[in-house]
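In what follows, a single structure is set out as structure tokens and then discussed.
The values are calculated or read from the model by the stated rules, or taken from the named source; none is laboratory data. Remember, it's a predicted structure, so these values are computed and weren't measured experimentally. Methodologically, a virtual Cβ is constructed for each residue, glycine included, from the backbone with ideal geometry; neighbour enumeration extends over all protein chains shown. Just so you know, the surface numbers come from the protein's heavy atoms only, side chains and all, with ligands and any DNA or RNA stripped out. Shrake-Rupley method; radii C 1.70, N 1.55, O 1.52, S 1.80 Å.
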Amino acid sequence: MLEQTPQEQSVPEQPVDVVVVGAGPTGLCFARALCGSGLSVALVEQQPRAALAEATFDGREIALTHASRQILEALGIWARLEPAEISPLRDAKVMDGGSPFALTFAATQHDAQDLGWLVPNHLIRRAAWDSVQGQPGLQILDQARVAGIVPGPRRSVVTLEDGRRLAARLVVAADSRFSGTRRMLGIGARMRDFGKSMLVCRMQLEVPHQHTAWEWFGYGRTMALLPLNGGQASAVITLPPRQIEALMAQDDAAFGRSISTFFEHRLGTMQPTARPVAYPLVGVYANAFVGDRCALIGDAAVGMHPVTAHGFNLGLLSQHRLARILAQAAARGDDIAAPAGLAAYARGHRLASRPLYEATNAIAALYTDDRLPARVLRRAGLRLAHGVAPFRQLIAAHLTQRDARV
């Protein structure tokens, strides 16, 4: 946190109830969730409006649970998605090397037609952006960066790089797992660098996927297959960065052959339909989710390893939980940044996120360890889980849970 200089103190402060830093999908959903609360909101984002309105394809397909769909429907965002781009997820398989024991999850195990849905990340961003256009009480400050934050007993002063100053009752960080805002607020985070990169690529398949997702822990790499409409799928490959770079340097034909070989040609010939994109694999868990007149949501609070595909769902739940607490406080005429309310948010989100975060890291560690003891342990675990129907039903129930619990 920075102290104000005499020059900064001479710049007029614009009063606002909530400053949200980061107009990614979680930040936009949070801003939308505050519509009708009577709270004034300033959304600060580094990118220009044109880039926000026409978010470009980034390779990521988001697996949405029933609870996440319910939240998006309530925000009016789901209806803005093109139906043809919503791919149903009906079954899922977890495989380990050449083991015959595949852990399977089916929607029919929990009386649901679909386990969830896959939607391109950039289309969620566009729909969320569209949903906040013209929203009363919302001010969008694009091409703006936060230079400093000074807390106060009643308001925190957020200074932008261009000199503008916002006096906010609450500052909310929603600016990625590498959040600069989190650091300015004096909140640390535990980061786990897995030393791998994740390559995502849309592929056209020769063999139908039957809308079944795969999580395949091979030796030396981890792979996933996310089924999309039109006989396509998103292939996700986790490898050391140098091997990812070599893959991305291949031409389309060679790249298709490589990916087809990775999947042992079980889906026939696979050909890319879009350029592959790579991301570093880093897990993040903030030391605190709240502070003096501040809170963290989305990846700024918890950045998940993608192996369990719960990152966005968890972020969506975090903004839903915080927005509900703020709206209730505003309706009562209470301080929206009162310690009791923020503590309730932090407690609820920690209970929802900590077990999932630790379990995800444990799974990622075990299933990327190719030493013999780990290989024996994970094969035994997969075989045990394969034979325990209640365990499979519990996972399916989590995916198909329709209540967005707070």
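Points worth noting:
- Within the range 56-72, being part of a loop (DSSP other than H, G, I, E, B) and either of a type in the set (A, V, I, L, M) or open to solvent by less than 50 Å² (accessible area, probe 1.4 Å) (or both) holds for 58, 59, 65.
- Condition check for residue 63: modelled with pLDDT of 95 or more and small (Gly, Ala, Ser): no
- Qualifying residue in the range 173-187 (condition: assigned to a strand (DSSP E or B) and either under 23 Å from residue 60 (Cβ atoms) or aliphatic (A, V, I, L, M) (or both)): yes
- Some residue of the range 116-127 being of a type outside the set (Ser, Thr, Tyr), surrounded by 20 or more Cβ atoms within 10 Å (Cβ to Cβ) and modelled with pLDDT under 95: yes
- Residue under evaluation residue 314, criteria (1) under 26 Å from residue 233 (Cα atoms); (2) in a loop (DSSP other than H, G, I, E, B); (3) hydrophobic (A, V, I, L, M, F, W, C), criterion not met: (2)
- Single condition residue 172 does not satisfy, out of (1) in contact with a Phe, Trp or Tyr (Cβ under 7 Å, 6 or more places away or on another chain); (2) farther than 28 Å from residue 36 by Cβ; (3) not acidic (Asp, Glu): (2)
- Subset tally (residues that are in contact with a Gly (Cβ under 8 Å, 6 or more places away or on another chain), assigned to a loop (DSSP other than H, G, I, E, B) and either among the acidic types (Asp, Glu) or closer than 17 Å to residue 282 by Cα (or both)) for the range 194-231: 1
- Residues in the range 10-55 that are open to solvent by 50 Å² or more (accessible area, probe 1.4 Å), in a helix (DSSP H, G or I) and without any contact (Cβ under 8 Å) to a residue 40 or more places away in the chain: 50 alone.
- Failed condition for residue 356, given (1) crowded, with 19+ Cβ neighbours inside 10 Å; (2) in contact (Cβ under 8 Å) with a residue 40 or more places away in the chain; (3) out of contact with any strand residue (DSSP E or B) (no Cβ under 7 Å at 6 or more places or on another chain): (1)
- Considering 152, 148, 180, the condition of being surrounded by fewer than 17 Cβ atoms within 10 Å (Cβ to Cβ), in contact (Cβ under 8 Å) with a residue 60 or more places away in the chain and in contact with a strand residue (DSSP E or B) (Cβ under 9 Å, 6 or more places away or on another chain) is satisfied by 152 alone.
Residue-by-condition table, conditions (1) modelled with pLDDT of 95 or more; (2) open to solvent by less than 20 Å² (accessible area, probe 1.4 Å); (3) not polar (S, T, N, Q):
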| position | (1), (2), (3) |
| --- | --- |
| 300 | yes, yes, yes |
| 304 | no, yes, yes |
| 309 | no, no, yes |
| 313 | no, yes, no |
| 321 | yes, yes, yes |
| 325 | yes, no, yes |
